[in-house]
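Each remark here refers to the structure printed beneath this line.
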Amino acid sequence: MCTGDPSPQVGDYAVIIPAYNAATTLGRALDSVFAQTLLPVEVVVVDDGSPDRAAIEEVVRRYGEKVRLLQRKNGGPAAARNDGVRASSSPWIAFLDADDAWLPEKMQRQLELGRDARAGLLHGCALLGRGPLPARLDFGTLWRQNRICTSMAVVRRTAFEQVGGFDEDPELLGAEDYNLWLRIARAGWSILARPELLGHYTPAAGSVTSRIQRCANAELHNALKLGKAFGLQPHIIRSKTLSIRTDFGRHLLYVRQPRAARRMLTQPLWRKPNLERFSLWSATFVPISVMNLRRRLLASYRR
């Protein structure tokens, strides 16, 4: 008798999806979970006090008993994810934001890396064109730059519980994931990556400028908080904060917010001047019309 393709296997992992005003995208995220070649044991959607609560309930209802819905007062993504993890019991925890999606073989490929007993965090590529991901990250490399997308992250429960889960400090909003990755690395767990594209990341909605500034403040707070907690030398913490300001100053300049960029870049230029910082700071005085002309000319030349 012809039985057709074999049914997908089930992997011993839980999927945690925080949702806030996400009814229009949540179905796509859940569909990508149930399209996996290695299906989850548990799927938990955490409604973080959404005004569109009824709409989220309706989306989850379509999946029947395959999805568990938790509802809570709004407390931010860190608290929502922690609640979701506490409601699950699988040895691996996969995080997915409600506006992102996975490719079908994502979990099967990542959990192959989990055979390493010291692997505490697995991740992979969510956007092309940003350079190859290192196969392995240690604390020093991760401290210099975060290369981990939350929706591609899979955490061993033992590692998650050892470091205490996500820090729910509201000043970390936008950097709460990076904070957790650094604590896992500092605790000695291996961080391993699949280099190929595993899913699709959707940039957050809202004002680009306010989002950049909010994330910059969160990353600065994160560096100071963890630097103190880990007992890092002052020059290491200072170098990190100046690097954060430089990177976000560059972002603000790219979205044509020269005054905000100048404020972000002044401290790095003053405390540790170099050619890059001087060039970026000087560019904040260039008229936006000239910046845009230069961008068009460069784009035309590259074609």
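The values are calculated or read from the model by the stated rules, or taken from the named source; none is laboratory data. What you are looking at is a predicted structure, and each value in this text was computed from that prediction instead of being measured. Every residue, glycine among them, receives a Cβ derived from its backbone with ideal geometry; neighbour counts consider all protein chains shown. SASA here: full protein model, heavy atoms, side chains in, ligands and nucleic acids out. Shrake-Rupley method; radii C 1.70, N 1.55, O 1.52, S 1.80 Å.
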Exercise. Checking residue 273 against (1) modelled with pLDDT of 95 or more; (2) open to solvent by less than 70 Å² (accessible area, probe 1.4 Å); (3) out of contact with any helix residue (DSSP H, G or I) (no Cβ under 6 Å at 6 or more places or on another chain), which single condition isn't satisfied?
Worked result: (2)
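Table: residues versus (1) polar (S, T, N, Q); (2) open to solvent by 20 Å² or more (accessible area, probe 1.4 Å); (3) within 26 Å of residue 225 (Cβ to Cβ); (4) at pLDDT 95 or above.
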| site | (1), (2), (3), (4) |
| --- | --- |
| 87 | no, yes, no, yes |
| 105 | no, yes, no, yes |
| 114 | no, no, no, yes |
| 139 | no, yes, yes, yes |
Exercise. Is there a residue being touching a residue at least 60 places away in the same chain (Cβ under 8 Å) and part of a helix (DSSP H, G or I) anywhere in region 200-219?
Worked result: no
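Listed residues 77, 134, 170; which is at negative phi, surrounded by fewer than 20 Cβ atoms within 10 Å (Cβ to Cβ) and modelled with pLDDT of 95 or more? I'd like the intermediate steps shown before the answer.
Values: 77 fails: surrounded by fewer than 20 Cβ atoms within 10 Å (Cβ to Cβ); 134 fails: modelled with pLDDT of 95 or more.
Going through 77, 134, 170 in turn, just one is at negative phi, surrounded by fewer than 20 Cβ atoms within 10 Å (Cβ to Cβ) and modelled with pLDDT of 95 or more: 170.
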Exercise. Considering only region 98-146, how many residues are in contact with a strand residue (DSSP E or B) (Cβ under 8 Å, 6 or more places away or on another chain) and either among the small types (Gly, Ala, Ser) or without any contact (Cβ under 8 Å) to a residue 24 or more places away in the chain (or both)?
Worked result: 8
Seminar exercise, completed: With criteria (1) open to solvent by 20 Å² or more (accessible area, probe 1.4 Å); (2) closer than 22 Å to residue 191 by Cβ, residue 63 comes up short on (2)
Problem set entry | Neighbours by Cβ (under 8 Å, 6+ apart or cross-chain): first from region 30-44, aromatic (Phe, Trp, Tyr); second open to solvent by 20 Å² or more (accessible area, probe 1.4 Å) and not in a helix (DSSP H, G or I) | 34/63
Exercise. Hey, among the residues in region 238-261 that are more than 22 Å from the chain's Cα centre (by Cα) and either among the aliphatic types (A, V, I, L, M) or open to solvent by 60 Å² or more (accessible area, probe 1.4 Å) (or both), which one's farthest from residue 295 (Cα to Cα)?
Worked result: 238
For this session: Look through region 155-165, keep the residues that are over 20 Å from residue 124 (Cβ atoms) and open to solvent by less than 40 Å² (accessible area, probe 1.4 Å), and return whichever of them is farthest from the chain's Cα centre (by Cα).
Result: 163
